[in-house]
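Report on the following structure.
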There are 2 protein chains.
Amino acid sequence: MSMQRIALASRPKGWPTADNFRLEQGEIPSPGPGRFVARTIWLSLDPYMRGRMDDGPSYAKPVEIGGTMEGGTVSEVVESNHPDYKPGDIVVGRMGWATHGVSDGEGMRKVDPSIAPISTALGVLGMPGQTAYVGLNRILEGKSGETICVSAASGAVGAVVTQLAKIKGMTVVGVAGGADKCAYVVEELGADACIDHRSVEDGKQMAEKMAQAAPGGFDCYFENVAGKTLLGVLPNMKPFGRIAICGMISLYSGNTMGDQNQLPLLWRTLLVKKLRAQGFIVSDHMDLMKPFLAEVGPLVKSGRVKFRETVTDGLENAPEAFLGLLRGENFGKQLVRVGADPS
Amino acid sequence: MSMQRIALASRPKGWPTADNFRLEQGEIPSPGPGRFVARTIWLSLDPYMRGRMDDGPSYAKPVEIGGTMEGGTVSEVVESNHPDYKPGDIVVGRMGWATHGVSDGEGMRKVDPSIAPISTALGVLGMPGQTAYVGLNRILEGKSGETICVSAASGAVGAVVTQLAKIKGMTVVGVAGGADKCAYVVEELGADACIDHRSVEDGKQMAEKMAQAAPGGFDCYFENVAGKTLLGVLPNMKPFGRIAICGMISLYSGNTMGDQNQLPLLWRTLLVKKLRAQGFIVSDHMDLMKPFLAEVGPLVKSGRVKFRETVTDGLENAPEAFLGLLRGENFGKQLVRVGADPS
């Protein structure tokens, strides 16, 4: 029996290309004592993976050249020497860009298929959803009556921020790429307004559109993108506003936000408006996993919190799907169907 | 009887010059009902005043052209129709760059001359000292065993941050301009190390010196300056570090920190190190005035917290002293002696 995996072939300079990845064949490993083997059903593709392709200092180790690309997966246990896992169990964990993986159970969690489709364990009920929950509640401390700007509002994280903020009683201005995504953000997710960043030239125009959408300014900004969206937000932040820095997808592939040095502008804005800007990563806040699932699980099951997925078929197509994700071509959570649903 | 005041003659472009100020004569006003007249003894000069000379949006209204330059003062009441103030009382407030002022008592506080020299109500026991206290305790949440970097460490705010951090049990690395100031920061204020920013070309060299001084990195950074000091701090921040943004004196007169756009670097550092950066202004934290005076007053009286003043004589010399402050020529708290001590 053979398995497939996608290895990092080389490190990208700026935008990654298909050449940075390599499909490899191998044998399915045997589990060994205390371990289990699982076959991948769903692979999650996420912007943070771009960072793992570089070897500069970051909050996580880079993928080694020749190593399997990292990623979250939903899998079915097929062979087990682990007392807690038996064949047929559905598990969510980090088995990477591969058709099969071995685990000792560390970092794995069983998925209850009765709550929602198992793919949601990688999206609205998984790391992206929990990221939204942590950012909105712990980092931004968003409150009823406040106004929030959510960048990448149709994305896997932003869509959950948007909906949870509305449920909280906040006014939400989303930013997304394209008229169809913006329509989705307003009509399906319930945002009060959505700005199409493709219709906006620069930070100045973005600031004007934001001022129209939220004349009173923003108490909170959920940062996924940087670039002109960030430049538009700064003049629209209210005194004592909070910024949760979750990602900066527009910078991941070499975009420098223009030649002008905008650090003084940013720094001065933080001072004179007495803002708080804070970076965060969901893995530092795993204590919120249980309250997150307890609160958001029923909202997903009842349909009050919606989700949307873009599915690419076949592990061999993961690199192309990932490049599309970086270009904003996905709509909602980007997944790769690696194997069939459990029978 | 005549009085003098310094008016804002014109708005500076970049560095201010003596031409931006004008000395004017006038009559000493009479107090009117419920008010008092006081004569200025000490005028405080502070970097924030540079911002008030511009008419861009900021956290405070700009000084109008022809208006009296704003500033904190220690004064003696000379005539009073106010029930709480009598001639001879020493008060601290904001009477501006003038020999005399009128007040209804709003924003005024009586000074107890038995604790320390009355000039300290503008420095170590006034707004700069309280700024240090708020930044260190409320914004940075500095703790025993942590390491802090303090910029402008010999200045009116930085010197208090340095000493209070040492009393708390923190390791302190100061940054100051010149060997004499650095010697003062280490030998008098008790910092563990001090880096002379004049001996450092750029952010990269600054980062190297900081890494030598604090090989484990910084938990906290007290920001007074921006510029190469900030660029040196970023790679030395520890994960989950905190930055209190109190000022950015190197930017106040048009320094742009170079042509390269450093916003992406800053933003990425906040994300990957999960830092918190927060701007603050002491006037939003007046609830800490009482605990500040209760805690730091005795430390000043006993000599455990030291202070240093640069005194310029005569209101007419205030503009030149202010320009020197912006160039870093003062050593400790910059004061102008406007009138004689009370008899």
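The values are calculated or read from the model by the stated rules, or taken from the named source; none is laboratory data. As the structure is a computational prediction, the values presented were derived from the model and not from experiment. Virtual Cβ from ideal backbone geometry, glycine too; neighbours counted across all protein chains shown.
Observations, loosely collected:
- Considering (1) more than 8 Å from every other protein chain (Cβ to nearest Cβ); (2) farther than 19 Å from B:TYR48 by Cβ; (3) at pLDDT 95 or above, the lone condition that B:LYS290 does not fulfil carries the number (3).
- Note on region A:225-241: among residues that are more than 9 Å from chain B (Cβ to nearest Cβ) and touching a strand residue (DSSP E or B) at 6+ places or on another chain (Cβ under 7 Å), the one that is farthest from A:GLY155 (Cα to Cα) is A:LYS238.
- Of all residues making up region A:75-105, the number that are free of Cβ contacts under 8 Å to residues at least 12 places away in the same chain and either β-branched (Val, Ile, Thr) or crowded, with 16+ Cβ neighbours inside 10 Å (or both): 0
- Checklist (1) polar (S, T, N, Q); (2) more than 10 Å from every other protein chain (Cβ to nearest Cβ); (3) assigned to a loop (DSSP other than H, G, I, E, B); (4) more than 15 Å from the chain's Cα centre (by Cα) applied to A:ASN317, failing item: (3)
- Meets criteria (over 15 Å from B:TRP97 (Cβ atoms) and among the acidic types (Asp, Glu)) for B:ASP46: no
- Restricting attention to region A:133-156, the residues being closer than 20 Å to A:MET237 by Cβ, touching a helix residue (DSSP H, G or I) at 6+ places or on another chain (Cβ under 6 Å) and buried (at least 23 other Cβ atoms within 10 Å of the Cβ) number 8.
- Only one of A:ASP284, A:ASP202, A:ASP259 that is surrounded by fewer than 21 Cβ atoms within 10 Å (Cβ to Cβ), within 11 Å of chain B (Cβ to nearest Cβ), modelled with pLDDT under 95 and within 30 Å of A:GLY14 (Cα to Cα): A:ASP259
- So A:GLU329, is it part of a helix (DSSP H, G or I), more than 11 Å from chain B (Cβ to nearest Cβ) and either surrounded by fewer than 20 Cβ atoms within 10 Å (Cβ to Cβ) or at pLDDT below 95 (or both): no
- Annotation note: of A:LEU251, A:LEU270, the sole residue that is buried (at least 18 other Cβ atoms within 10 Å of the Cβ), out of contact with any Asp or Glu (no Cβ under 7 Å at 6 or more places or on another chain), closer than 30 Å to A:ALA121 by Cα and at the interface with chain B (Cβ under 8 Å from one of its Cβ atoms) is A:LEU251.
- Considering residues of region A:46-96 that are assigned to a helix (DSSP H, G or I) and within 14 Å of chain B (Cβ to nearest Cβ) only, the residue nearest to A:ARG109 (Cα to Cα): A:TYR48
- Among the residues making up region B:47-74, those that are surrounded by fewer than 20 Cβ atoms within 10 Å (Cβ to Cβ), among the small types (Gly, Ala, Ser) and touching a strand residue (DSSP E or B) at 6+ places or on another chain (Cβ under 7 Å) are B:GLY66, B:GLY67.
- Among the residues listed as A:PRO342, A:PRO264, the single one being in a helix (DSSP H, G or I), over 20 Å from the mean Cα position of the chain (by Cα) and either surrounded by fewer than 20 Cβ atoms within 10 Å (Cβ to Cβ) or within 14 Å of another protein chain (Cβ to nearest Cβ) (or both): A:PRO264
- Residue satisfying all of: in region A:32-46; of a type outside the set (A, V, I, L, M) and modelled with pLDDT of 95 or more; nearest to A:LEU323 (Cα to Cα) among these: A:SER44
- Residue among A:ASN224, A:ASN261, A:ASN236 that alone is touching a Gly at 6+ places or on another chain (Cβ under 7 Å), closer than 21 Å to B:LYS273 by Cα and assigned by TED's automatic domain parsing to the domain that holds A:VAL175: A:ASN224
- Within region B:224-255, being part of a helix (DSSP H, G or I), among the hydrophobic types (A, V, I, L, M, F, W, C) and at pLDDT 95 or above holds for B:LEU230, B:LEU231, B:VAL233, B:LEU234.
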